[in-house]
Amino acid sequence: MVHTNGSLAGRFLSRTPTRIAIAGDWHANTDHAVEAILHAGRRHADVLVHLGDFGYNFTRAYLDALESALASQDLVLGFVEGNHENFDWLLSQPTTSDGLRPVRERIVHLPRGLRWQWGTVRALAVGGAYSLDQFLRVEHRSWWPQELITDADVRSIGDAGPADVMFCHDCPAGISVPTMQRRTRGYPDVVVQESERNRVRLRAIVDQVRPRRLWHGHFHHRYQSLLDGGDYRTVVDGLGRDKDPIDNNLVVINLSDLARHSAASDVLAR
(Lines give C-alpha, C1' and ligand atoms only; values in the text may rest on other atoms or scores of the structure.)
Protein backbone atom coordinates (compact mmCIF):
# COMPACT_ATOMS: atom_id res chain seq x y z
CA MET A 1 0.00 0.00 0.00
CA VAL A 2 1.21 3.51 -0.79
CA HIS A 3 1.57 5.61 2.34
CA THR A 4 1.99 9.09 0.91
CA ASN A 5 -0.02 12.29 0.92
CA GLY A 6 -0.46 11.87 -2.83
CA SER A 7 -2.26 8.53 -2.46
CA LEU A 8 -5.98 7.99 -2.78
CA ALA A 9 -6.15 7.71 1.01
CA GLY A 10 -4.48 11.10 1.35
CA ARG A 11 -7.33 12.69 -0.58
CA PHE A 12 -9.40 12.54 2.61
CA LEU A 13 -7.38 15.46 3.94
CA SER A 14 -5.92 17.06 0.83
CA ARG A 15 -9.12 17.74 -1.09
CA THR A 16 -11.72 20.11 0.33
CA PRO A 17 -15.14 18.51 -0.27
CA THR A 18 -18.32 20.30 -1.23
CA ARG A 19 -20.65 17.63 0.14
CA ILE A 20 -19.89 15.26 3.02
CA ALA A 21 -21.69 11.99 3.74
CA ILE A 22 -21.78 11.03 7.44
CA ALA A 23 -22.76 7.50 8.47
CA GLY A 24 -23.54 5.78 11.77
CA ASP A 25 -22.67 2.23 12.81
CA TRP A 26 -22.33 -0.47 10.12
CA HIS A 27 -21.07 -3.32 12.35
CA ALA A 28 -19.22 -4.87 9.38
CA ASN A 29 -22.54 -5.44 7.60
CA THR A 30 -21.28 -5.66 4.02
CA ASP A 31 -24.62 -5.40 2.21
CA HIS A 32 -25.75 -2.35 4.15
CA ALA A 33 -22.34 -0.67 3.93
CA VAL A 34 -22.19 -1.06 0.16
CA GLU A 35 -25.72 0.29 -0.23
CA ALA A 36 -24.87 3.26 1.99
CA ILE A 37 -21.80 4.05 -0.11
CA LEU A 38 -23.83 3.88 -3.31
CA HIS A 39 -26.47 6.11 -1.71
CA ALA A 40 -23.78 8.64 -0.78
CA GLY A 41 -22.63 8.65 -4.38
CA ARG A 42 -26.18 9.21 -5.64
CA ARG A 43 -26.42 12.17 -3.26
CA HIS A 44 -23.27 13.65 -4.83
CA ALA A 45 -21.06 13.29 -1.76
CA ASP A 46 -17.34 13.96 -2.24
CA VAL A 47 -16.18 12.14 0.91
CA LEU A 48 -17.67 9.84 3.55
CA VAL A 49 -17.09 10.08 7.32
CA HIS A 50 -18.03 7.01 9.36
CA LEU A 51 -18.79 7.37 13.08
CA GLY A 52 -17.46 4.05 14.37
CA ASP A 53 -18.43 0.41 14.87
CA PHE A 54 -17.19 0.24 11.32
CA GLY A 55 -15.24 -2.93 10.70
CA TYR A 56 -15.14 -5.14 13.83
CA ASN A 57 -12.60 -7.78 12.67
CA PHE A 58 -11.82 -5.97 9.40
CA THR A 59 -12.11 -9.07 7.23
CA ARG A 60 -10.57 -8.97 3.78
CA ALA A 61 -13.94 -9.69 2.14
CA TYR A 62 -15.61 -6.76 3.91
CA LEU A 63 -12.86 -4.25 3.18
CA ASP A 64 -12.54 -5.37 -0.44
CA ALA A 65 -16.29 -5.03 -1.02
CA LEU A 66 -16.30 -1.52 0.41
CA GLU A 67 -13.18 -0.57 -1.54
CA SER A 68 -14.89 -1.64 -4.76
CA ALA A 69 -18.06 0.31 -3.94
CA LEU A 70 -16.05 3.42 -3.04
CA ALA A 71 -14.10 3.17 -6.30
CA SER A 72 -17.36 2.97 -8.25
CA GLN A 73 -18.40 6.32 -6.73
CA ASP A 74 -14.87 7.80 -6.63
CA LEU A 75 -15.18 8.28 -2.87
CA VAL A 76 -12.75 8.06 0.04
CA LEU A 77 -14.00 6.96 3.47
CA GLY A 78 -12.55 7.99 6.82
CA PHE A 79 -13.75 6.32 10.03
CA VAL A 80 -13.36 7.00 13.73
CA GLU A 81 -13.08 3.93 15.94
CA GLY A 82 -16.17 2.66 17.70
CA ASN A 83 -16.13 0.27 20.63
CA HIS A 84 -16.71 -2.84 18.53
CA GLU A 85 -13.46 -2.78 16.54
CA ASN A 86 -10.45 -5.11 16.64
CA PHE A 87 -8.08 -2.52 18.08
CA ASP A 88 -5.16 -4.95 18.24
CA TRP A 89 -5.28 -5.29 14.46
CA LEU A 90 -6.29 -1.70 13.70
CA LEU A 91 -3.62 0.00 15.80
CA SER A 92 -0.93 -2.27 14.35
CA GLN A 93 -1.48 -0.72 10.91
CA PRO A 94 1.00 2.05 10.06
CA THR A 95 0.02 5.69 9.87
CA THR A 96 1.04 8.14 7.18
CA SER A 97 2.94 11.36 7.73
CA ASP A 98 -0.36 13.27 7.84
CA GLY A 99 -1.72 11.10 10.66
CA LEU A 100 -4.11 8.91 8.68
CA ARG A 101 -4.12 5.13 9.07
CA PRO A 102 -5.00 3.55 5.69
CA VAL A 103 -6.54 0.07 5.72
CA ARG A 104 -7.27 0.13 1.98
CA GLU A 105 -6.48 2.68 -0.71
CA ARG A 106 -9.84 4.44 -0.19
CA ILE A 107 -10.48 3.55 3.48
CA VAL A 108 -8.63 5.35 6.29
CA HIS A 109 -8.86 5.31 10.05
CA LEU A 110 -9.05 8.76 11.66
CA PRO A 111 -7.09 8.21 14.89
CA ARG A 112 -8.39 9.64 18.15
CA GLY A 113 -7.40 13.29 18.34
CA LEU A 114 -6.72 13.73 14.61
CA ARG A 115 -7.38 17.28 13.46
CA TRP A 116 -7.72 18.60 9.93
CA GLN A 117 -9.19 21.52 8.02
CA TRP A 118 -11.60 21.52 5.09
CA GLY A 119 -11.70 25.07 3.79
CA THR A 120 -12.30 27.17 6.90
CA VAL A 121 -13.87 24.29 8.88
CA ARG A 122 -11.67 22.82 11.61
CA ALA A 123 -12.54 19.17 12.22
CA LEU A 124 -11.64 16.78 15.03
CA ALA A 125 -12.00 12.98 15.32
CA VAL A 126 -12.61 11.46 18.77
CA GLY A 127 -13.65 7.83 18.53
CA GLY A 128 -14.21 5.33 21.32
CA ALA A 129 -17.00 4.25 23.68
CA TYR A 130 -17.66 1.73 26.45
CA SER A 131 -19.10 -1.68 25.55
CA LEU A 132 -22.00 -2.33 27.91
CA ASP A 133 -21.80 -6.04 27.13
CA GLN A 134 -18.05 -6.43 27.55
CA PHE A 135 -18.55 -8.72 30.56
CA LEU A 136 -20.14 -11.17 28.11
CA ARG A 137 -17.21 -10.91 25.68
CA VAL A 138 -13.62 -12.13 25.63
CA GLU A 139 -10.86 -9.55 26.04
CA HIS A 140 -8.73 -9.12 22.89
CA ARG A 141 -11.06 -11.47 21.00
CA SER A 142 -14.48 -9.81 21.02
CA TRP A 143 -13.77 -6.63 22.99
CA TRP A 144 -10.65 -4.51 23.37
CA PRO A 145 -9.69 -2.20 26.28
CA GLN A 146 -8.42 0.44 23.82
CA GLU A 147 -12.09 1.29 23.19
CA LEU A 148 -12.13 3.79 26.08
CA ILE A 149 -11.31 7.48 25.96
CA THR A 150 -8.59 8.00 28.56
CA ASP A 151 -7.71 10.86 30.87
CA ALA A 152 -4.56 11.31 28.77
CA ASP A 153 -6.78 11.68 25.68
CA VAL A 154 -8.81 14.36 27.46
CA ARG A 155 -5.68 16.35 28.28
CA SER A 156 -3.91 16.03 24.94
CA ILE A 157 -6.97 16.60 22.74
CA GLY A 158 -8.41 19.39 24.85
CA ASP A 159 -5.11 21.21 25.14
CA ALA A 160 -4.80 21.32 21.33
CA GLY A 161 -7.48 24.01 21.15
CA PRO A 162 -10.87 24.59 19.56
CA ALA A 163 -12.51 22.96 16.55
CA ASP A 164 -15.69 23.71 14.65
CA VAL A 165 -17.00 20.16 14.26
CA MET A 166 -16.33 16.89 16.08
CA PHE A 167 -16.84 13.38 14.69
CA CYS A 168 -17.32 10.91 17.55
CA HIS A 169 -18.67 7.45 18.29
CA ASP A 170 -19.98 8.16 21.79
CA CYS A 171 -22.27 10.99 22.86
CA PRO A 172 -21.02 13.51 25.45
CA ALA A 173 -22.54 13.63 28.93
CA GLY A 174 -25.30 16.21 29.25
CA ILE A 175 -27.33 14.92 26.31
CA SER A 176 -30.31 12.66 26.90
CA VAL A 177 -30.25 10.23 23.99
CA PRO A 178 -33.80 9.00 23.21
CA THR A 179 -32.74 5.32 23.30
CA MET A 180 -30.54 5.58 26.40
CA GLN A 181 -32.86 3.94 28.92
CA ARG A 182 -33.81 1.13 26.57
CA ARG A 183 -30.16 0.35 25.76
CA THR A 184 -29.06 0.26 29.40
CA ARG A 185 -32.07 -1.60 30.81
CA GLY A 186 -31.06 -4.86 32.49
CA TYR A 187 -27.35 -4.07 32.71
CA PRO A 188 -25.69 -3.92 36.16
CA ASP A 189 -25.42 -0.42 37.62
CA VAL A 190 -21.61 -0.64 37.66
CA VAL A 191 -21.61 -1.26 33.90
CA VAL A 192 -23.91 1.67 33.21
CA GLN A 193 -21.70 3.87 35.39
CA GLU A 194 -18.60 2.86 33.41
CA SER A 195 -20.38 3.79 30.20
CA GLU A 196 -21.29 7.16 31.66
CA ARG A 197 -17.68 7.78 32.70
CA ASN A 198 -16.61 7.56 29.06
CA ARG A 199 -19.31 10.09 28.17
CA VAL A 200 -18.02 12.38 30.93
CA ARG A 201 -14.50 12.21 29.48
CA LEU A 202 -15.84 13.05 26.04
CA ARG A 203 -17.78 15.96 27.54
CA ALA A 204 -14.56 17.23 29.14
CA ILE A 205 -13.03 17.35 25.65
CA VAL A 206 -16.11 19.09 24.24
CA ASP A 207 -15.96 21.71 27.01
CA GLN A 208 -12.46 22.62 25.87
CA VAL A 209 -12.97 22.30 22.12
CA ARG A 210 -16.42 24.00 22.06
CA PRO A 211 -17.51 22.78 18.62
CA ARG A 212 -20.55 24.21 16.91
CA ARG A 213 -21.64 20.71 15.84
CA LEU A 214 -20.92 17.16 16.97
CA TRP A 215 -21.87 14.00 15.09
CA HIS A 216 -21.97 10.56 16.73
CA GLY A 217 -23.19 6.98 16.38
CA HIS A 218 -23.23 4.25 19.08
CA PHE A 219 -26.82 4.71 20.27
CA HIS A 220 -28.40 3.61 16.98
CA HIS A 221 -30.93 6.44 16.81
CA ARG A 222 -31.33 9.40 14.50
CA TYR A 223 -31.99 12.52 16.56
CA GLN A 224 -30.79 16.06 17.12
CA SER A 225 -30.29 17.89 20.42
CA LEU A 226 -28.62 20.99 21.80
CA LEU A 227 -25.81 20.87 24.34
CA ASP A 228 -25.71 24.10 26.35
CA GLY A 229 -22.24 24.41 27.85
CA GLY A 230 -22.91 27.78 29.47
CA ASP A 231 -20.42 29.77 27.43
CA TYR A 232 -20.90 27.70 24.26
CA ARG A 233 -23.63 25.72 22.51
CA THR A 234 -23.16 22.59 20.39
CA VAL A 235 -25.74 20.99 18.13
CA VAL A 236 -25.46 17.21 18.60
CA ASP A 237 -26.61 14.82 15.86
CA GLY A 238 -26.93 11.08 16.46
CA LEU A 239 -27.24 8.64 13.56
CA GLY A 240 -28.85 5.21 13.27
CA ARG A 241 -27.27 1.84 12.52
CA ASP A 242 -27.13 -0.74 9.76
CA LYS A 243 -30.52 -2.35 9.13
CA ASP A 244 -32.14 1.05 9.71
CA PRO A 245 -33.44 2.94 6.68
CA ILE A 246 -30.53 4.51 4.84
CA ASP A 247 -31.72 8.04 5.60
CA ASN A 248 -31.56 7.28 9.34
CA ASN A 249 -28.06 5.82 9.07
CA LEU A 250 -26.51 8.29 6.62
CA VAL A 251 -26.89 11.99 5.92
CA VAL A 252 -25.25 14.14 3.26
CA ILE A 253 -24.54 17.74 4.17
CA ASN A 254 -22.91 20.68 2.42
CA LEU A 255 -19.54 21.76 3.76
CA SER A 256 -21.00 25.19 4.46
CA ASP A 257 -23.45 23.58 6.92
CA LEU A 258 -21.11 20.99 8.44
CA ALA A 259 -20.19 23.18 11.43
CA ARG A 260 -23.05 25.66 11.33
CA HIS A 261 -26.56 25.53 12.73
CA SER A 262 -29.03 28.22 13.74
CA ALA A 263 -29.27 26.77 17.25
CA ALA A 264 -25.52 27.05 17.90
CA SER A 265 -24.22 30.42 19.09
CA ASP A 266 -21.47 32.09 17.13
CA VAL A 267 -20.88 34.77 19.74
CA LEU A 268 -17.64 33.34 21.09
CA ALA A 269 -14.42 34.10 19.32
CA ARG A 270 -13.10 30.96 17.69
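The values are calculated or read from the model by the stated rules, or taken from the named source; none is laboratory data. Just so it is clear, the model here is predicted, and its values are computed rather than measured. Cβ: placed from backbone, ideal geometry, glycine included. Neighbour counts: every protein chain shown. Just the protein is used for accessible areas: all its heavy atoms, side chains included, with ligands, DNA and RNA removed. Shrake-Rupley method; radii C 1.70, N 1.55, O 1.52, S 1.80 Å.
For this structure, a couple of remarks:
- Wholly within the range 1-112, strands (runs of 3 or more DSSP E) carrying at least 3 residues that are among the hydrophobic types (A, V, I, L, M, F, W, C): 19-23, 47-50
- The residues listed here are F58, F79, F54; of these, the one that is more than 21 Å from H221 (Cβ to Cβ) and in contact with a strand residue (DSSP E or B) (Cβ under 8 Å, 6 or more places away or on another chain) is F58.
- Residues being of a type outside the set (F, W, Y) and open to solvent by less than 50 Å² (accessible area, probe 1.4 Å) - total across the range 221-267: 24
- Comparison of D247, D242, D231, D164 shows that the only residue that is in contact (Cβ under 8 Å) with a residue 60 or more places away in the chain, of a type in the set (D, E) and in contact with a Lys or Arg (Cβ under 9 Å, 6 or more places away or on another chain) is D164.
- The residues of the range 158-178 that are of a type in the set (V, I, T) and farther than 13 Å from W116 by Cα, listed by number, are I175, V177.
- Residue tally, condition among the basic types (K, R) and not in a loop (DSSP other than H, G, I, E, B), over the range 140-169: 1
- Members of the range 72-110 that are closer than 28 Å to L136 by Cα and surrounded by fewer than 24 Cβ atoms within 10 Å (Cβ to Cβ): N86, F87, D88, W89, L90, L91, S92, Q93
- Checking each residue in the range 164-216 for being surrounded by 16 or more Cβ atoms within 10 Å (Cβ to Cβ) and of a type in the set (G, A, S) picks out A173, G174, S195, A204.
- Which listed residue, of A9, A23, is buried (at least 22 other Cβ atoms within 10 Å of the Cβ), of a type in the set (G, A, S) and at pLDDT below 95: A9
- Hits in the range 237-266 (condition: among the aliphatic types (A, V, I, L, M), touching a Phe, Trp or Tyr at 6+ places or on another chain (Cβ under 8 Å) and not in a loop (DSSP other than H, G, I, E, B)): L255, L258
- Within the range 87-132, the only residue that satisfies the criterion of being free of Cβ contacts under 8 Å to residues at least 24 places away in the same chain and hydrophobic (A, V, I, L, M, F, W, C) is L114.
- Verdict on D133 being over 19 Å from N57 (Cα atoms) and open to solvent by 20 Å² or more (accessible area, probe 1.4 Å): no
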